[in-house]
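Peer 1: Following this message is one structure expressed as C-alpha cells.
The values are calculated or read from the model by the stated rules, or taken from the named source; none is laboratory data. Given the structure is predicted, the values throughout are model-derived calculations rather than measurements. As a convention, Cβ positions derive from the backbone with ideal geometry for all residues, glycine included, and neighbour counts pool all protein chains shown. For accessibility, only protein heavy atoms count, side chains too; no ligands or nucleic acids. Shrake-Rupley method; radii C 1.70, N 1.55, O 1.52, S 1.80 Å.
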Amino acid sequence: MGFEGIGASVRRKEDQRFLNGKGNYTDDINRPGQTYASIKRSDRPHAKILSIDISAAKAAPGVLAVFTGADLDAEEIGGLPCGWQIHNKDGSPMAEPKHPVLAVGKVRHVGDPIAVVIAETRQQAKDAAELLVIDLEDLPAVAGVRDAIAPGATAVHDDAPGNICYDWHLGDKAMVDAAFASAHKVVRLDLLNNRLIPNAMEPRAAIGDFDVNSGDYTLYTTSQNPHVIRLLMGAFVLHIPENKLRVVAPDVGGGFGSKIYHYAEEAIVTWASAKVRRPIKWTAERTESFMSDAHGRDHDSTAEMAIDAEGHFLALRVNTLCNMGAYLSTFAPAVPTYLYATLLAGVYKTPAIYVEVKAVFTNTVPVDAYRGAGRPEATFLVERLVDAVAKDTGIDKIELRRKNFIPSDAFPYQTPVALQYDSGDYTATLNSALKAADYAGFEARRQTAAAKGKLRGIGISTYLEACGIAPSAVVGSLGARAGLYEVANIRVHPTGSVTVFTGTHSHGQGHETTLAQLVCEQLGVPMSQVEVVHGDTAKIPFGMGTYGSRSLAVGGTAMVKAMDKIIAKGKKIAAHLMEAAVEDIEFKDNVFSVAGTDKTKTLTDISLAAYVPHNYPIEELEPGLDETAFYDPKNFTFPGGCHIAEVEIDPETGVTTVINFSAVDDVGRVVNPMIVEGQIQGGVAQGIGQALLEAAIYDKEGQLLSGSMMDYTMPRADNLPNISVGTETTLCTHNPLGVKGCGEVGAIGSPPAVINALVDALKEYGVRHINMPATPQKIWSLIQAGKPALAAE
Amino acid sequence: MPQVTLTVNGKQHTATVEGRTLLVELLRETLGMTGTHVGCDTSQCGACVVHVDGKSVKSCTMLALQAEGASVVTIEGLAAADGTLHPMQEMFREHHALQCGFCTPGMVMSAIDLVNTHPQGITEQEIREGLEGNLCRCTGYHNIVKAIVAAWPLMHGKVAAE
Ligand code: FES
Ligand code: FES
C-alpha cells in the first residue's frame with residue numbers, strides 16, 4: 001500500500017459500486033409488497049380549496065387509498081416544523097405560520113401538495129391522481145418581494161401581517177450613520193441575487209415502510225441528514241418516538257442543501273404506510289422537483305460603502321429583502337441572517353457595518369439554503385460593491401482590495417458583525433491566483449481579442465466564508481432549535497480492522513474515502529481495513545448530517561476524539577500486556593511500544609486482547625475497543641481565497657464565454673487533494689451557472705415559468721471552462737485537524753468574479769452593474785444601450 | 001398486454017409490458033437493473049443512457065416495445081466477468097470524474113459512444129459538445145472531460161492523433 005493518510009489523493013472507495021451501476025439510491029430500493037404514491041399538487045399559485053372529490057380516483061384500478069389534508073388533520077398530524085427562530089428588531093418572534101403536510105383550506109404556491117393517491121403500481125397511482133376533482137377559487141397572488149410588501153398586497157398567511165416573516169437587523173447603526181455623515185464619498189449599488197433551483201441529479205424519493213407486527217416505521221429517503229429527519233418528523237409531525245422510527249438515507253445523488261429539509265412527502269409515505277399496511281414508494285418526477293424542492297437565494301439589496309479620501313472602507317450599510325416563499329422551510333430563517341449578514345465584513349477591515357433584513361412571504365416555493373447559503377449572497381454584494389468603489393474612485397481594484405484586507409497578523413480578528421475569524425492570509429491567496437490567472441498578461445490578451453472584435457474582461461473576487469457549522473451554544477442563542485455538534489463511533493474489531501460510524505452523510509463528497517484516510521493517519525490501519533458507515537439511524541448513534549461544509553471540521557474532529565479514546569484505552573491494555581506503566585506507552589503507526597525498550601504490541605494484539613480478555617486488566621477496564629465521541633465545535637471555520645474569471649463577449653450576439661477560471665482557496669489542511677479539487681470545481685460550476693445561466697422565473701401572478709430542464713438553464717459541459725484550482729493553506733486554529741471545509745467555497749467565490757469580469761469587459765459601454773444571470777440577451781441589450789457612450793469617448 | 005423480447009448485457013429476457021412502458025422502466029422496474037437512472041422527465045439529463053445495438057440512446061425516450069429484438073448494454077454490463085473495469089470506467093475512477101455517482105452510468109455510456117464514434121481522435125471541445133445531452137450537477141465536467149481524453153487511447157489502442 002502506498003501512503004494513504006492525510007494529504008494523499010487516494011482514489012475513492014465508493015467509485016467501485018457507482019461505476020458498475022451498483023449504487024443503492026432510494027428509488028433503487030424495493031420493499032416486499034411495495035405500493036406507489038402519486039401526489040396531486042396545486043397548479044395555482046394561491047387559491048381557496050372549495051372541495052376535493054376523491055370518489056373517481058378511489059374507484060380507479062389498483063388504488064388502495066386517497067388521502068387529503070383533512071385526513072391528516074383528523075389525526076392531529078403536525079405541520080412541517082421550522083428549525084430556526086429569528087427575532088424581530090423589537091424582540092418579538094418572527095411570524096411562523098403553519099406549514100401543513102397536505103394543504104388545508106388554501107394552496108399557497110404552484111406545487112403545494114393537496115392529496116396523495118396510493119396504488120399498486122406507479123402508473124396506476126399517477127392515472128388515478130388525474131381523476132381527483134379539485135375545485136379551487138383563485139386568490140390574488142404575489143411572487144416578488146417588492147410586490148408582497150406593497151400596501152394592499154394579498155396576504156399569503158392571515159397570521160403574517162404585511163407578508164413579513166421578520167424584520168431583523170445586525171450591527172451598530174449609530175456608528176455606521178456617523179461614518180457615512182463624515183465620509184469622503186459614498187458608493188451605492190442595488191443588486192439582485194437570482195433565485196435558483198438546486199436540481200441535484202437524483203430527484204427526491206421516499207419509501208415509508210411500516211411493520212405491522214413490531215409497530216416500527218422505516219423511512220428510506222434522499223436526505224443529507226437522516227437523524228435530523230427522524231427528530232423533526234418523529235417528534236413534531238407524526239409523533240413517533242425514536243425507538244420506533246428508523247430513517248435510512250442510502251446513496252444520495254447530490255444534495256447541495258436541497259436535501260437537508262424535512263419534506264411533506266417523507267411524512268406522507270411514513271404515515272400512510274401504516275394506513276395501507278404496505279410499504280409506499282414516492283419518487284419525484286423532475287417537474288415535481290422544480291415546484292417542490294426548496295429553491296435558493298432570491299435577495300433584493302441595496303448596499304452602500306462609505307470611504308475616506310484614500311479609499312479605506314469606513315462603513316458598510318446594507319438593506320436586504322429576501323424571499324421565504326410560501327412557507328418556512330427547515331433552515332430558511334437562518335440563511336439571510338446568520339449565514340448572510342454576519343459575512344458582510346468579507347476579508348476587509350471595515351470598522352462599522354449595519355444591515356437590515358426583511359424576510360417576506362410570497363406565493364412561491366419555499367426558499368432555503370442552497371450550496372453556500374447566505375454566504376454567496378454576502379460575497380456577491382461585497383465583491384460587486386468593492387469593484388464599484390474601484391470604478392467610482394479610479395483606484396485599481398487590486399490595490400483597493402490590498403489596502404482594505406484584514407492583514408495576516410491580525411488574527412484572531414473580531415468583525416463588527418459577530419464573527420471572530422481564526423486564521424487566513426488573503427494576500428497569499430490573491431497573489432497566488434493572480435499568478436495562476438496570468439493577470440500580468442491580461443492586457444495583451446485583451447488586445448488580441450479586441451483585434452478579433454471580441455470584448456475581454458477579467459474579474460476578481462477575494463472572498464471569505466464561515467462554515468464548519470457550528471458551536472451549539474452560539475447558534476442556540478441565535479435562534480437554532482438544535483445543536484450542531486457531530487458524532488463518531490469508532491469500532492476496532494477483534495482482528496484490528498475498523499468500522500467508522502459517522503453522523504455526517506456523503507452524497508458525492510467522498511466521505512467513505514476521506515474519513516477512512518483519517519483512520520489510516522491516526523491509527524495506522526490500511527484503507528482496505530477501514531469501512532465508513534453513514535446514513536442509517538439504526539446503525540449510527542446520532543448525527544446532525546452534512547451541510548455547511550461541516551463534515552470534516554466537525555464530523556472529522558469527532559472521529560479524532562473517538563480515536564484518541566481508542567488510543568488511550570489501548571495504552572492501558574498495552575501497559576498491562578507489556579508489564580509497563582501506562583505513562584511509558586507510546587502509540588505510532590499502528591504500534592504500541594514501551595518508551596526506551598524494544599517491546600511492542602500492534603493494534604491488532606491489543607484489540608484481540610480487548611475482545612478475548614483472558615490476560616486483561618479486567619478489574620479496571622471493560623473489554624472491547626469501541627469508542628464514541630460527540631464533538632461540539634468551538635467556532636465556525638473560515639475558508640477564503642481568490643477567484644479570477646476571464647471572459648470574452650461576442651458583441652454581435654451577447655454570448656459570453658468563460659475563457660479561464662482560476663481559483664486559489666484556503667480550505668485549511670487538505671486531506672485528499674483530488675477530492676478537494678473536485679469539490680471546488682463543482683462549486684465553481686454552480687457559481688458560473690448562477691452568474692450566467694440559471695434563474696427561477698415566476699410571472700407576476702406566481703406561475704413558475706422555468707419549471708423544467710427545457711426552461712431552466714442547467715450548466716452543460718460546453719458552457720463551462722476548465723477550472724484551475726490551487727490552494728494556499730493556513731490552518732484552522734480550533735480543531736485538531738486544522739481543516740476548514742471545501743464544499744461551498746466554489747459556489748461562494750465565483751459569481752462575483754464572473755460578473756466583475758463582464759463589467760470590466762463592458763466598461764467602455766458605461767456598464768456599472770449586471771444582475772445575474774448575465775444572459776446573452778441582457779449583455780446584448782447593454783451593448784446596444786451603451787453604444788452612444790462608446791461613440792462619445 | 002404485449003410482450004417484448006430483448007437481450008440485455010448478453011442475456012435474453014422476455015417481458016410483458018404496457019404499450020406506454022419506457023425502456024428505462026423495463027430495465028429498472030421489470031428486470032430490476034437499477035444501474036440505469038432517471039433524472040428528468042423531458043429527455044434532458046442523460047442519466048438514462050444505455051447502448052441499443054451499439055449506439056447510445058436515452059432509454060427514457062424509447063418505448064420498451066421499440067427494443068424488440070435489440071441488444072441492450074447497460075452500465076452493469078461494461079466490466080468483464082472477472083470484474084476488470086472497462087477503460088472508461090477505469091479512467092472515470094482515476095480522474096475523479098464522479099462525485100454522487102447519479103449521472104455516472106449515463107455519462108459513461110455516452111462517453112464510450114463518443115470515443116467509439118471518433119476513431120481519428122477527439123478534442124476537448126468535441127467532448128464538451130458531445131456531452132451536451134448529459135447533465136452532471138456535481139463535477140463541473142472538468143474531470144469528466146479529462147477522463148474521456150485519457151480513455152481515448154486506451155479504447156483505440158493507440159496514442160491520440162493530436
Ligand atoms: S431520464 Fe433524463 S434524459 Fe432520460
Ligand atoms: S456525479 Fe453527481 S451528478 Fe454527476
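Peer 1: Can you compute the charge dipole magnitude of the stretch B:98-162 about its Cα centre, using +1 on each Lys and Arg Cβ and -1 on each Asp and Glu Cβ, nothing else charged? Give it in debye, rounded to the nearest 20.
Peer 2: Working: 4 positive and 6 negative charges, 44 e Å.
Dipole size: approximately 220 debye.
Peer 1: Using a probe of 1.4 angstrom, how much of the accessible area of the stretch A:331-448 is carbon and sulfur, in percent? The partial results should precede the final answer.
Peer 2: Values: 1710 of 3320 Å².
Here carbon and sulfur together make up 51 percent of the probe-accessible area.
Peer 1: In Å, what is the Rg of the alpha-carbon atoms in the stretch A:697-749, and how long is Dmax?
Peer 2: Gyration radius and largest Cα-Cα distance of the stretch A:697-749: 19.0, 52 Å.
Peer 1: What is the magnitude of the charge dipole of the stretch B:8-162 about its Cα centre, with +1 placed on the Cβ of each Lys and Arg, -1 on the Cβ of each Asp and Glu, and no other charges, expressed in debye to the nearest 20?
Peer 2: Values: 10 positive and 16 negative charges, 27 e Å.
Dipole about the Cα centre, nearest 20: 120 debye.
Peer 1: Using a 1.4 Å probe on the heavy atoms of the protein chains only, list every residue of the stretch A:711-756 that has 20 Å² or more less accessible area in the complete assembly than in its chain alone.
Peer 2: A:Met714, A:Pro715, A:Arg716, A:Ala717, A:Asp718, A:Leu720, A:Asn722, A:Ile723
Peer 1: Taking amide H positions as placed in the peptide plane 1.01 Å from N, state which residues far from A:Thr637 in sequence (5 or more) or on other chains have amide H under 5 Å from it.
Peer 2: Under 5 Å from the amide H of A:Thr637: A:Cys467, A:Gly468.
Peer 1: Can you pull the mean other chain C-beta count within 10 Å for peptide B:83-94? Mind showing how you got there, number by number?
Peer 2: Numbers: counts 2, 0, 4, 2, 0, 1, 5, 2, 0, 3, 6, 3.
Mean shielding count: 2.
Peer 1: Counting only other chains, what is the mean number of Cβ atoms within 10 angstrom of the Cβ of each residue in peptide B:107-114? Show your work: numbers first, answer last.
Peer 2: Values: counts 2, 4, 1, 0, 0, 0, 0, 0.
Counting other chains' Cβ atoms within 10 Å and averaging over B:107-114 gives 1.
Peer 1: On to the next question. What is the percent carbon and sulfur in the accessible area of the stretch A:485-631, measuring with a 1.4 Å probe over the protein chains and ignoring ligands? Walk me through the intermediate numbers first.
Peer 2: Numbers: 2710 of 5480 Å².
The computed percentage sits at 49.
Peer 1: Roughly speaking, what is the stretch gain from A:Lys48 to A:Ala792, that is 0.36 nm per residue apart minus the C-alpha to C-alpha distance, in nm to one decimal?
Peer 2: 262.1 nm
Peer 1: Considering the dipole of the stretch B:3-77 built from charges on the beta carbon (Lys and Arg +1, Asp and Glu -1) around the Cα centre, which of B:Leu27, B:Val50, B:Thr5 is farthest to its positive end?
Peer 2: B:Val50
Peer 1: Which percent of the Cα-Cα distances in the stretch B:87-155 go past 21 Å? All intermediate terms of the calculation are to be shown ahead of the outcome.
Peer 2: On the way: 237 of 2346 pairs.
Percentage above 21 Å: 10.
Peer 1: A follow-up question, please. How many percent of the alpha carbon pairs in chain B exceed a separation of 30 Å? Can you show the working numbers first?
Peer 2: Values: 2027 of 13041 pairs.
Counting pairs separated by more than 30 Å, the tail of P(r) holds 16 percent.
Peer 1: May I ask which residue of A:Gly641, A:Ala696, A:Gly654 lies farthest towards the positive end of the charge dipole of the stretch A:630-714, with charges of +1 (Lys, Arg) and -1 (Asp, Glu) on Cβ and the Cα centre as origin?
Peer 2: A:Gly641
Peer 1: Peptides B:84-94, B:52-62: what's the order by average Cβ count within 10 Å, highest mean first?
Peer 2: Working: B:84-94: 20.8, B:52-62: 18.5.
Going from most to least packed, we get B:84-94, B:52-62.
Peer 1: Just reorder A:Phe542, A:Phe638 by solvent-accessible area, largest first, 1.4 Å probe, all chains present. Present the calculation step by step, with values, prior to reporting the outcome.
Peer 2: Working: A:Phe542 40, A:Phe638 0 Å².
Ranked from most to least accessible, the order is A:Phe542, A:Phe638.
Peer 1: Now a separate question. Where in chain A are the DSSP H helices whose alpha-carbon span along the long axis reaches 20 Å or more and whose Kyte-Doolittle mean is at least 0.0?
Peer 2: Values: long enough: A:375-393 (27 Å, -0.08); A:557-577 (30 Å, 0.33); A:673-688 (22 Å, 0.53); A:745-761 (25 Å, 1.22); A:776-792 (24 Å, 0.22).
In chain A, the long hydrophobic H runs are A:557-577, A:673-688, A:745-761, A:776-792.
Peer 1: Something else: Which value, in debye to the nearest 20, describes the size of the charge dipole of the stretch A:622-688 about its Cα centre when Lys and Arg Cβ atoms bear +1, Asp and Glu Cβ atoms bear -1, and nothing else is charged?
Peer 2: On the way: 2 positive and 11 negative charges, 29 e Å.
It works out to roughly 140 debye.
Peer 1: Tell me which of A:Thr600, A:Met175, A:Leu705 sits at the most positive position along the dipole axis of chain A, charges placed on C-beta atoms (Lys, Arg +1; Asp, Glu -1).
Peer 2: Checking the options against the dipole of chain A, the answer is A:Leu705.
Peer 1: Taking all protein chains as present, what is the carbon and sulfur share of the accessible area of the stretch B:3-77, in % to the nearest whole number, probe 1.4 Å? The partial results should precede the final answer.
Peer 2: Details: 1380 of 2920 Å².
Looking at the stretch B:3-77 in its full context, I get 47 percent from C and S.
Peer 1: Turning to a different aspect of this structure: Just to check I understand the Karplus step: with θ = phi - 60° and J = 6.51 cos²θ - 1.76 cosθ + 1.60, what whole-Hz values come out for the stretch A:526-542, glycine and proline as x?
Peer 2: x, 3, 5, 10, 10, 10, 10, 10, 8, x, 8, 5, 7, 9, 9, x, 6
Peer 1: Given a 1.4 Å probe and heavy atoms of the protein chains only, how would you sort A:Leu705, A:Leu238, largest accessible area at the top? Walk me through the intermediate numbers first.
Peer 2: On the way: A:Leu705 95, A:Leu238 20 Å².
Result of the area sort, largest leading: A:Leu705, A:Leu238.
Peer 1: Points 7 angstrom from Cα along the Cβ direction at A:Lys22 and A:Asp718: gap in nanometres?
Peer 2: Using points 7 Å along Cα→Cβ, the separation is 3.6 nm.
Peer 1: By how many degrees, 0 to 90 and rounded to 10, does the Cα axis of helix B:104-116 deviate from the longest principal axis of chain B?
Peer 2: Helix B:104-116 and the main axis of chain B meet at about 70 degrees.
Peer 1: Moving on. Residue by residue through the stretch B:122-127, which ³J(HN,Hα) values in whole Hz follow from phi under the Karplus form 6.51 cos²θ - 1.76 cosθ + 1.60 (θ = phi - 60°), with glycine and proline marked x?
Peer 2: Computed from phi, the couplings for the stretch B:122-127 are 8, 8, 4, 5, 5, 5 Hz.
Peer 1: Taking a probe of 1.4 angstrom, what is the accessible area of B:Trp152 in Å², to the nearest 10?
Peer 2: For B:Trp152, solvent-accessible area is about 0 Å².
Peer 1: Please compute the average number of Cβ atoms from other chains found within 10 Å of each residue's Cβ in peptide A:12-18. Walk me through the numbers before you get to the answer.
Peer 2: On the way: counts 5, 0, 4, 12, 5, 2, 13.
For peptide A:12-18, the averaged partner shielding equals 6.
Peer 1: For the protein assembly as shown, with every protein chain kept in place, what is the accessible area per residue (1.4 Å probe, Å²)? Could the numbers behind the result be given before it?
Peer 2: Numbers: 32550 Å² over 955 residues.
Counting only protein heavy atoms, the per-residue value for the protein assembly as shown is 34 Å².
Peer 1: Can you tell me, using C-alpha contacts under 8 Å and at least 6 residues apart, the relative contact order of the stretch B:3-77 as a whole percent? Walk me through the numbers before you get to the answer.
Peer 2: On the way: 144 pairs, mean separation 31.0, N = 75.
The value is 41 percent.
Peer 1: Which value, in Å³ per residue, describes the convex hull spanned by the Cα atoms of the protein assembly as shown? Write down the numbers at each step before the final one.
Peer 2: Values: hull volume 180.4 nm³, N = 955.
Taking only Cα atoms, the protein assembly as shown has a hull volume of 189 Å³ per residue.
Peer 1: Given contacts defined as C-alpha pairs under 8 Å and at least six residues apart, what's the relative contact order of chain B, whole-number percent?
Peer 2: Working: 288 pairs, mean separation 37.5, N = 162.
Relative CO of chain B lands at 23 percent.
Peer 1: OK, next. Sorted by packing (mean other beta-carbon atoms within 10 Å per residue), highest first, where do A:398-405, A:758-765, A:740-747 land?
Peer 2: Values: A:398-405: 18.1, A:758-765: 20.8, A:740-747: 29.2.
So the order, starting with the most tightly packed, is A:740-747, A:758-765, A:398-405.
Peer 1: Also: With θ taken as phi - 60° and the coefficients 6.51, -1.76 and 1.60, list the Karplus ³J(HN,Hα) couplings across the stretch A:35-46 in order, rounded to whole Hz; mark glycine and proline as x.
Peer 2: Values, residue by residue: 10, 10, 10, 10, 10, 8, 10, 5, 9, 10, x, 7 Hz.
Peer 1: Here's a follow-up. Kindly identify residues of the stretch A:668-704 having a loss of at least 50 Å² in accessible area between the isolated chain and the assembly of all protein chains, probe radius 1.4 Å.
Peer 2: Buried by the other chains: A:Gln681.
Peer 1: Please list, in chain and number order, the residues 5+ apart from A:Val532 or on another chain whose amide H is under 5 Å from its amide H, with Hs placed from the backbone.
Peer 2: So A:Val532 has HN proximity to A:Val500.
Peer 1: Interface size between chain A and chain B, please: total buried accessible area, 1.4 Å probe, rounded to the nearest 100 Å².
Peer 2: Values: alone 28560 and 8390 Å², together 32550 Å².
Counting protein atoms only, the buried area is about 4400 Å².
Peer 1: Something else about it: Where in the stretch B:28-52 does accessible area fall by at least 30 Å² between the isolated chain and the complete protein assembly, at a 1.4 Å probe radius?
Peer 2: With the partner chains in place, the stretch B:28-52 has these residues losing at least 30 Å²: B:Arg28, B:Glu29, B:Thr34, B:Gly39, B:Asp41, B:Thr42, B:Gln44.
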